[in-house]
Amino acid sequence: MYPTACTGRMRQRNGERCTTGVPDVERASDQLIERQTREESLHRKLAYRDDELRPDDPQLTLEPHGARLLLARRWNAIATPARTRSRITARDGRDAAVALVRDAVADGRELRGFEVDRACRDVVERAGFGEQFVHRTGHSLGTEVHGNGVHMDDFETHDERRLIPGTGFTIEPGVYTAAFGVRTEINMFVGAGEATVSGPLQTDFVLL
């Protein structure tokens, strides 16, 4: 089955191809979104079928037409020097925190939550975004996402608890202004003599 609708601007631009239900409508619509994204110098886009949607998501606006839906959802910002610099800053702050944790665990050195936050926050502050970094660097991970262990926090609290083997936590610095916001998030695990990032560590931007 294929979606037989498009929404908003895409309907205007794609015309009948969005409503006839031809087999290539999903692919054609996705190509249209990608073309618009490039034209507007935007960074990201996503297209969903109706069976992939979360109806409780307040950001979604569904416009039905026929038996199925196609939702085009973009949360982007026009590329500007300030926005690019903020993304680089968030990434560099993240990497400073990761490096501190890895080195401390490898050396068998005691490390406390506030020190991880401070390593990350110092990078953000030196870049001039300190006032726009308005939350802790990370939180403990548990069975329901937020755990009760040590948080990477020298902002909301001053967490002096130690990072110990067998625990996980996030590193997720962000920069938020009135015009835009950016945040990067990874998970880390402290093992016996080694601290690891749980997945790929993105270092470059994916530009469309």
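The values are calculated or read from the model by the stated rules, or taken from the named source; none is laboratory data. The structure displayed is predicted, hence computed values, not measured ones. Here the Cβ is made from the backbone with ideal geometry for all residues, glycine too, and neighbour counts use every protein chain on show.
Points worth noting:
- Of the residues contained in the stretch 72-82, none is found to be modelled with pLDDT of 90 or more, among the polar types (S, T, N, Q) and surrounded by fewer than 21 Cβ atoms within 10 Å (Cβ to Cβ).
- Considering the stretch 122-208, the qualifying strands (runs of 3 or more DSSP E), each wholly inside and each with 1 or more residues that are surrounded by fewer than 16 Cβ atoms within 10 Å (Cβ to Cβ), at pLDDT 95 or above and among the β-branched types (Val, Ile, Thr), run over 195-197.
- Residue match in the stretch 109-118 (condition: modelled with pLDDT of 95 or more, over 26 Å from ARG83 (Cα atoms), in contact with a helix residue (DSSP H, G or I) (Cβ under 9 Å, 6 or more places away or on another chain) and not in a loop (DSSP other than H, G, I, E, B)): yes
- Residues that are without any contact (Cβ under 8 Å) to a residue 12 or more places away in the chain and not β-branched (Val, Ile, Thr) do occur in the stretch 158-178.
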